[in-house]
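Trainee: Please see the structure below; I have some questions.
Rule-based calculations on the coordinates, nothing more; no lab input. Since this is a predicted model, take the numbers as computed values, not measurements. Please note: Cβ atoms are built from the backbone with ideal geometry, for glycine as well, and neighbour counts cover all protein chains shown.
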Amino acid sequence: MPEQLRIPFHNHSNQKRLYFRFLVLAEACLLELIQAHFKTDACKIAVIVFIHTHSYNGNYNLHLPVILAEGAFFPSN
């Protein structure tokens, strides 16, 4: 996360909702990218997104590690 956004995120009055929306946005962005690659919106993805709020040295540094399965799943096939 850019340094200028760390304070507003850290001091947000409803972090639970903000973080949840951040996770949803990450999944939506990845889905859009995969659908653009396959040129269809009929596919689904398998993705695990989780939130880290602090870096290895203990400073607040919000970031989202992502595990994305290879390719896409086509329910119709």
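Trainee: If I take all pairs of Cα atoms in the chain, what percentage of them are more than 22 Å from each other?
Mentor: Tail of P(r) above 22 Å: 36 percent of Cα pairs.
Trainee: Something else now. I need the GluC sites (Glu not before Pro) found in the chain, filtered to DSSP loop residues with at most 14 other beta carbons within 10 Å of theirs. Write out the running numbers ahead of the final one.
Mentor: Values: sites: Glu3, Glu27, Glu32, Glu70; in loops: Glu70.
Within the chain, the qualifying GluC sites (Glu not before Pro) (loop, at most 14 other Cβ atoms within 10 Å) are Glu70.
Trainee: Modelling each spin label as a point 7 Å along the Cα-to-Cβ direction, I'd like the Ser55/Arg21 distance in nm, to one decimal.
Mentor: 2.6
Trainee: Can you list which of the chymotrypsin sites (Phe, Trp or Tyr not before Pro) found in the chain are DSSP loop residues with at most 11 other C-beta atoms within 10 Å? Don't jump to the answer; show the numbers that get you there.
Mentor: On the way: sites: Phe9, Tyr19, Phe20, Phe22, Phe38, Phe50, Tyr56, Tyr60, Phe73; in loops: Phe50, Tyr56.
Answer by residue number: Phe50, Tyr56.
Trainee: Label-point separation (nm) for Glu32 and His12, each offset 7 Å from Cα along Cα-to-Cβ?
Mentor: Simple spin-label model gives 1.7 nm for this pair.
Trainee: Would you kindly derive the ³J(HN,Hα) couplings of the range 50-55 from the backbone phi angles with the Karplus curve 6.51 cos²θ - 1.76 cosθ + 1.60 (θ = phi - 60°), listing them in order in whole Hz, with x for Gly and Pro?
Mentor: 9, 10, 10, 9, 9, 7
Trainee: So what's the angle, to the nearest 10 degrees on a 0 to 90 scale, between helix 15-38 and the longest Cα principal axis of the chain?
Mentor: Approximately 30 degrees, to the nearest ten.
Trainee: What residues qualify as long-range amide H neighbours of Asn61, i.e. H under 5 Å apart, gap of 5 or more or another chain, H built at 1.01 Å from N?
Mentor: It is His54, Ser55, by chain and number.
Trainee: HN-Hα J couplings of the range 69-74 from phi, Karplus 6.51/-1.76/1.60, θ = phi - 60°, integer Hz, Gly and Pro as x?
Mentor: The phi angles translate into 5, 5, x, 9, 10, 10 Hz.
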